[in-house]
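Colleague: A single structure is presented below for examination.
The values are calculated or read from the model by the stated rules, or taken from the named source; none is laboratory data. In this text, all values refer to a predicted model and were calculated from it rather than measured experimentally. Positions of Cβ are backbone-derived with ideal geometry, glycine not excepted, and every protein chain shown enters the neighbour counts.
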């Protein structure tokens, strides 16, 4: 996917997010319902068994459900169904007498002959108004139902006050919270799925999400043992570490007697590396996210390429509903290709195709009853592999249509110019053209911010030019968004006389001219040349240590530090010969799939010596990142 | 709010609080005793009419949480509960536990000093809920001036307070606070944002006019001024065009799909190029006037005019747009945007080959010119360019692509037969 490698094509696809959201169904058909009794086996595949965390969360949920004795219906804040799907399936709820599920919306609740109505909601004021409306509209003639509210991930005083103002607090039997700080997404991945964490920390200076982060880390330590070493870079990292150390002091004397699983915790502020999330991710999973956006481990895709070809039928019905795919390492093929550069995916898929068809061919060789039996026993596995292959071939085709388009190519070329420091101090013609074409505003902002970051701020003239063009084309109300981006440091005026980005780039080897996309030997393959700064810092911490890059660390925002947590005697880990260290890398303010891929690459490196588990406040990409900083402009109804 | 009080009390009383032990020996911390009293006198929050007797009836168990049978668990994992039970309360966390236990009264904090101590402790605990609870209490019990003065030196509490006011939609208090803190730019932007909530365009216009004087940064100030001017113009244009809708030809032929109100400048310019092209610069709706009033860049202006006139298939206007007379009266085609983009736009609007051809021939880069000419079947350009390049081979290849015995086929044949040309290959 390098400039010189990319194919020139005349297709003109706009590289933007495709929105395939269907309308809300009246009854909540969610992930929970469709998943049945699927186990979360993939969580225990990694070095650290994250299923322990999931089990703890499930236990908590069961306890809450049992507290509301009798039959129940759950009214869902739709946003929560995704994260909840990762914790529990419908079967669990059913076992605890959940008979019906609805989506939260104003008006009267649907009739359901249950004793309890439980609202599962985020602590948002507008949702409180809906709950109040639901409770107030309850039919007085019917047998009264008990109302409960479960706040996820935390209760909020303001919300309770709003319920009180609306006069319904008294009608609620239970108001509780379900603390879901870190949700296990995959065998090596945890996310808080707090969409506004970056905005709160860097724009609104509200550090509540950091407090929750620290709490989440304490939970993790209670389950997996005290982490002896803490490193960090950035103001928020410092803050989280301080809170953790204080919480530990306050809990002094009740140390968990668990042998530590993690050797090191690395806390990284997102604003230490603002460049990486702005760049287009070029791994398979990264591109799926960039183009179709992955939500809670699922992606919705345009259905055309997934049409079932039935034998003997000439006409095939084209499905109209988006195709929904679950994406995690439980799927063998996906685990194999997700972190590859997209240019290496085609080869991997065709190799897999050969293996599968060879396996099916085996049937001709099966002569004896024993051999046939053996073959038949493998059939389900083989059929699953074939379906998986078919799906990913379709996904890869969809992505290829876009990556081979002129629009994608041009955009990538400009990104790579910025990352290598070409003409970052001038107004860029491509950006100007994109504005003139009225390309999506987020795309424009992403590029302008990237240029600003790669130039350590823009010259007054350049900044003014971009701002004027944006406001004239997209509307003056975006003054607010531009101000937000400036406050968050993504867009700035160059004040320092020297642009230090080239120094950082060279010292940390952020640009590798000959990145190998097929058989990578460096993390830079995830962005076809650009090595994510955040992951480079992680890599250098493990070897040879940050002392060697003190100078560069000082150029990046915020303090860097090291702390040690005392372990009770007897809990010191005795590492086996050749056993890898385990580092938990926590991205405060979000992490991209490409960064995760880069860390997995480091984990798998022979004699790398360190394996990584990744945690974050939110899984992000450039679009969702910029979006979280935009001013909400829609007029309230 | 009226008669739900008993229920509320029931709720609060029956709800869960975390138990903890007091360290009675600790007397250097002056608010401790008061706090203990406060804990024992649990009130919802700051309801003024709660008298002392009411608050005493609340049940309180000193048992550790872990052995509390009917108290809902608030910890994440059961494994975590044990430490909490053994949790020895230190001074700083005391007040915080007070609030976290869901049972609190701040009434005992009467002096400003105590109140600020309470706030500082809350901030120290980092829990947004706790901080907010204290701030709500302070908001009700302190004057605005004193509160904002005290918050000036307490950055974290201040952020939470701002967030709280935003969440609650207390725009006026927020503006006042930011003003008293000297954060005038933030205040100005916040006030500007209000215009989004105004539906009526005349009222919105007046509001924007009032915003002009606000202390924005110099750049933003000029943008806000422009925003006002734009809406003012749009209102005038909209009123006139509504009248014209059934009378003027262009409106009848191309009915307006939407009103022009609240559209960005470039959209407005496009609209004006579509419906008001050729009007003298003096009128508000003329493209020239919009261009000069809002200092639209030459590139944007050309692109917008081109887009609008090409949409209407007014090829003559397109021609005039790019025609510049030089000093000697010769006309020459000039464009601030590359001619390849002009071709692109014309092609998207289904311009006839004769029109396209003219602009393809103006593309500077020869390779690009040939590729565009081939793409849009401008045979003459392809042939002439190869002739100029003296590229016989390419000409032969191209001959294979055109129709047999067509004029272009014959033209190529004539050239190939021409012995005067010195081919390079």
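Colleague: Which of the residues spanning the range A:180-213 are over 19 Å from the mean Cα position of the chain (by Cα) and over 21 Å from residue A:485 (Cβ atoms)?
Modeller: A:208, A:211, listed by residue number.
Colleague: Just for the range A:609-629: of the residues that are assigned to a strand (DSSP E or B) and under 11 Å from the mean Cα position of the chain (by Cα), which one is surrounded by the fewest Cβ atoms within 10 Å (Cβ to Cβ)? Show your work before the answer.
Modeller: First pass over the range A:609-629, keeping only residues assigned to a strand (DSSP E or B): A:610-616, A:619.
Narrowing the set further to residues that are under 11 Å from the mean Cα position of the chain (by Cα) leaves A:614-616, A:619.
Details: A:614: 23, A:615: 25, A:616: 28, A:619: 25.
Filtering first and then ranking leaves A:614.
Colleague: So residue B:332 passes all but one of these: (1) farther than 28 Å from residue B:369 by Cα; (2) at pLDDT below 90. Which condition number does it fail?
Modeller: (1)
Colleague: Residue check: is residue A:184 buried (at least 22 other Cβ atoms within 10 Å of the Cβ) and in a loop (DSSP other than H, G, I, E, B)?
Modeller: Details: buried (at least 22 other Cβ atoms within 10 Å of the Cβ): yes; in a loop (DSSP other than H, G, I, E, B): no.
Spelling it out, it is not the case that residue A:184 is buried (at least 22 other Cβ atoms within 10 Å of the Cβ) and in a loop (DSSP other than H, G, I, E, B).
Colleague: Something else now. Among the listed residues A:472, A:477, identify the single one that is over 16 Å from residue A:271 (Cβ atoms), within 14 Å of another protein chain (Cβ to nearest Cβ), over 25 Å from the mean Cα position of the chain (by Cα) and surrounded by 19 or more Cβ atoms within 10 Å (Cβ to Cβ).
Modeller: On the way: A:477 fails: surrounded by 19 or more Cβ atoms within 10 Å (Cβ to Cβ).
Just one listed residue meets the conditions, A:472.
Colleague: Now a separate question. Restricting to the range A:123-172, count the residues that are in contact with a strand residue (DSSP E or B) (Cβ under 9 Å, 6 or more places away or on another chain), surrounded by fewer than 18 Cβ atoms within 10 Å (Cβ to Cβ) and more than 10 Å from chain B (Cβ to nearest Cβ).
Modeller: The total comes to 2.
Colleague: Take residue B:166 and decide whether it is part of a helix (DSSP H, G or I) and modelled with pLDDT of 75 or more.
Modeller: On the way: part of a helix (DSSP H, G or I): yes; modelled with pLDDT of 75 or more: yes.
It is true that residue B:166 is part of a helix (DSSP H, G or I) and modelled with pLDDT of 75 or more.
Colleague: When you scan the range B:187-199, do you find a residue that is exposed (fewer than 15 other Cβ atoms within 10 Å of the Cβ), at the interface with chain A (Cβ under 9 Å from one of its Cβ atoms) and either over 19 Å from the mean Cα position of the chain (by Cα) or under 27 Å from residue B:174 (Cα atoms) (or both), even just one?
Modeller: From the range B:187-199, those exposed (fewer than 15 other Cβ atoms within 10 Å of the Cβ) are B:194, B:197, B:199; that's our starting set.
Next cut, at the interface with chain A (Cβ under 9 Å from one of its Cβ atoms) only: B:197, B:199.
Still in the list and also either over 19 Å from the mean Cα position of the chain (by Cα) or under 27 Å from residue B:174 (Cα atoms) (or both): B:197, B:199.
Scanning the range B:187-199 turns up at least one residue that is exposed (fewer than 15 other Cβ atoms within 10 Å of the Cβ), at the interface with chain A (Cβ under 9 Å from one of its Cβ atoms) and either over 19 Å from the mean Cα position of the chain (by Cα) or under 27 Å from residue B:174 (Cα atoms) (or both).
Colleague: If you scan the range B:355-375, which residues turn out to be loosely packed, with under 15 Cβ neighbours inside 10 Å, in contact with a helix residue (DSSP H, G or I) (Cβ under 9 Å, 6 or more places away or on another chain) and assigned to a helix (DSSP H, G or I)?
Modeller: B:366, B:375, listed by residue number.
Colleague: Now for a different question. Can you find even one residue in the range A:435-442 that is buried (at least 22 other Cβ atoms within 10 Å of the Cβ), within 25 Å of residue B:304 (Cβ to Cβ) and out of contact with any strand residue (DSSP E or B) (no Cβ under 6 Å at 6 or more places or on another chain)? Steps first, please.
Modeller: Start the filter on the range A:435-442 by keeping residues that are buried (at least 22 other Cβ atoms within 10 Å of the Cβ), which leaves A:435.
Next, from what is left, pick out any that are within 25 Å of residue B:304 (Cβ to Cβ): A:435.
Subset that is out of contact with any strand residue (DSSP E or B) (no Cβ under 6 Å at 6 or more places or on another chain): A:435.
Scanning the range A:435-442 turns up at least one residue that is buried (at least 22 other Cβ atoms within 10 Å of the Cβ), within 25 Å of residue B:304 (Cβ to Cβ) and out of contact with any strand residue (DSSP E or B) (no Cβ under 6 Å at 6 or more places or on another chain).
Colleague: Which condition does residue A:190 not pass, out of (1) touching a residue at least 60 places away in the same chain (Cβ under 8 Å); (2) out of contact with any helix residue (DSSP H, G or I) (no Cβ under 6 Å at 6 or more places or on another chain); (3) under 30 Å from residue A:51 (Cβ atoms); (4) facing another protein chain (nearest Cβ under 10 Å), if it passes all the others?
Modeller: Unmet condition: (4).
Colleague: Next question, about the same structure. If you check residue A:559 against the conditions, is it modelled with pLDDT of 95 or more, surrounded by fewer than 20 Cβ atoms within 10 Å (Cβ to Cβ) and out of contact with any strand residue (DSSP E or B) (no Cβ under 7 Å at 6 or more places or on another chain)? Give the derivation first.
Modeller: On the way: modelled with pLDDT of 95 or more: yes; surrounded by fewer than 20 Cβ atoms within 10 Å (Cβ to Cβ): yes; out of contact with any strand residue (DSSP E or B) (no Cβ under 7 Å at 6 or more places or on another chain): yes.
In short, yes.
Colleague: How many residues, within the range B:209-221, are facing chain A (nearest Cβ under 9 Å) and assigned to a helix (DSSP H, G or I)?
Modeller: Residues in the range B:209-221 being facing chain A (nearest Cβ under 9 Å) and assigned to a helix (DSSP H, G or I): 2 in total.
Colleague: So, in the range A:491-506, exactly how many residues are closer than 27 Å to residue A:339 by Cα and crowded, with 16+ Cβ neighbours inside 10 Å? Steps first, please.
Modeller: Step one: of the range A:491-506, the residues closer than 27 Å to residue A:339 by Cα are A:504-506.
Add one more test, that the residue is crowded, with 16+ Cβ neighbours inside 10 Å, and what stays is A:504-505.
Qualifying residue count, the range A:491-506: 2.
Colleague: Tell me, yes or no, whether the range A:581-597 has at least one residue that is assigned to a loop (DSSP other than H, G, I, E, B) and more than 13 Å from the chain's Cα centre (by Cα).
Modeller: Step one: list which residues in the range A:581-597 are assigned to a loop (DSSP other than H, G, I, E, B), which gives A:589-590, A:592.
From what is left, the residues that are more than 13 Å from the chain's Cα centre (by Cα) are none.
Among the residues of the range A:581-597, not one is assigned to a loop (DSSP other than H, G, I, E, B) and more than 13 Å from the chain's Cα centre (by Cα), which makes the answer no.
Colleague: Same structure, new question: Farther than 30 Å from residue A:553 by Cβ and more than 10 Å from chain B (Cβ to nearest Cβ): which single residue out of A:228, A:184 fits that description? Full working, then the answer.
Modeller: Numbers: A:228 fails: farther than 30 Å from residue A:553 by Cβ.
Unique residue meeting the criteria: A:184.
Colleague: Kindly indicate the residue of the range B:320-343 that is surrounded by 15 or more Cβ atoms within 10 Å (Cβ to Cβ) and either assigned to a helix (DSSP H, G or I) or in contact (Cβ under 8 Å) with a residue 60 or more places away in the chain (or both) and also nearest to the chain's Cα centre (by Cα) among those meeting that condition.
Modeller: Applying the first criterion (surrounded by 15 or more Cβ atoms within 10 Å (Cβ to Cβ)) to the range B:320-343 yields B:321-322, B:333, B:335, B:337-343.
This time we only want the ones that are either assigned to a helix (DSSP H, G or I) or in contact (Cβ under 8 Å) with a residue 60 or more places away in the chain (or both), so: B:321-322, B:339-343.
Working: B:321: 34, B:322: 36, B:339: 34, B:340: 33, B:341: 30, B:342: 31, B:343: 34 Å.
Filtering the range B:320-343 for residues that are surrounded by 15 or more Cβ atoms within 10 Å (Cβ to Cβ) and either assigned to a helix (DSSP H, G or I) or in contact (Cβ under 8 Å) with a residue 60 or more places away in the chain (or both), the one nearest to the chain's Cα centre (by Cα) comes out as B:341.
Colleague: Hey, another quick one. Anything in the range A:231-249 that is within 14 Å of chain B (Cβ to nearest Cβ) and either in contact with a helix residue (DSSP H, G or I) (Cβ under 6 Å, 6 or more places away or on another chain) or assigned to a strand (DSSP E or B) (or both)? List them, or say none.
Modeller: Initial filter on the range A:231-249 (within 14 Å of chain B (Cβ to nearest Cβ)): A:235-236, A:238-249.
A:236, A:239, A:240, A:243, A:244, A:247, listed by residue number.
Colleague: Turning to a different aspect of this structure: Quick check on the range B:236-255: of everything there that is under 33 Å from the mean Cα position of the chain (by Cα) and not in a helix (DSSP H, G or I), which residue is farthest from residue B:313 (Cα to Cα)?
Modeller: Result: B:255.
Colleague: For residue B:283, which of the numbered conditions (1) under 20 Å from residue B:313 (Cα atoms); (2) modelled with pLDDT under 95 fails to hold?
Modeller: (1)
Colleague: List pairs: first residue in the range A:193-211 and within 10 Å of chain B (Cβ to nearest Cβ), second residue not in a helix (DSSP H, G or I) anywhere in the structure, Cβ distance under 6 angstrom, at least six positions apart or on different chains.
Modeller: A:200/A:206; A:209/A:194; A:211/B:126; A:211/B:127
Colleague: Which condition from (1) modelled with pLDDT under 95; (2) out of contact with any strand residue (DSSP E or B) (no Cβ under 8 Å at 6 or more places or on another chain) is the one that residue A:494 breaks?
Modeller: Tallying (1) modelled with pLDDT under 95; (2) out of contact with any strand residue (DSSP E or B) (no Cβ under 8 Å at 6 or more places or on another chain), residue A:494 fails exactly one: (2).
Colleague: Name the single residue, out of those in the range B:159-183 being buried (at least 20 other Cβ atoms within 10 Å of the Cβ) and more than 9 Å from every other protein chain (Cβ to nearest Cβ), that is nearest to residue A:201 (Cα to Cα).
Modeller: Filtering first and then ranking leaves B:161.
Colleague: Right, next: For residue A:57, which of the numbered conditions (1) buried (at least 17 other Cβ atoms within 10 Å of the Cβ); (2) within 14 Å of another protein chain (Cβ to nearest Cβ); (3) touching a helix residue (DSSP H, G or I) at 6+ places or on another chain (Cβ under 8 Å); (4) not in a loop (DSSP other than H, G, I, E, B) fails to hold?
Modeller: Checking residue A:57 against (1) buried (at least 17 other Cβ atoms within 10 Å of the Cβ); (2) within 14 Å of another protein chain (Cβ to nearest Cβ); (3) touching a helix residue (DSSP H, G or I) at 6+ places or on another chain (Cβ under 8 Å); (4) not in a loop (DSSP other than H, G, I, E, B), the one that fails is (3).
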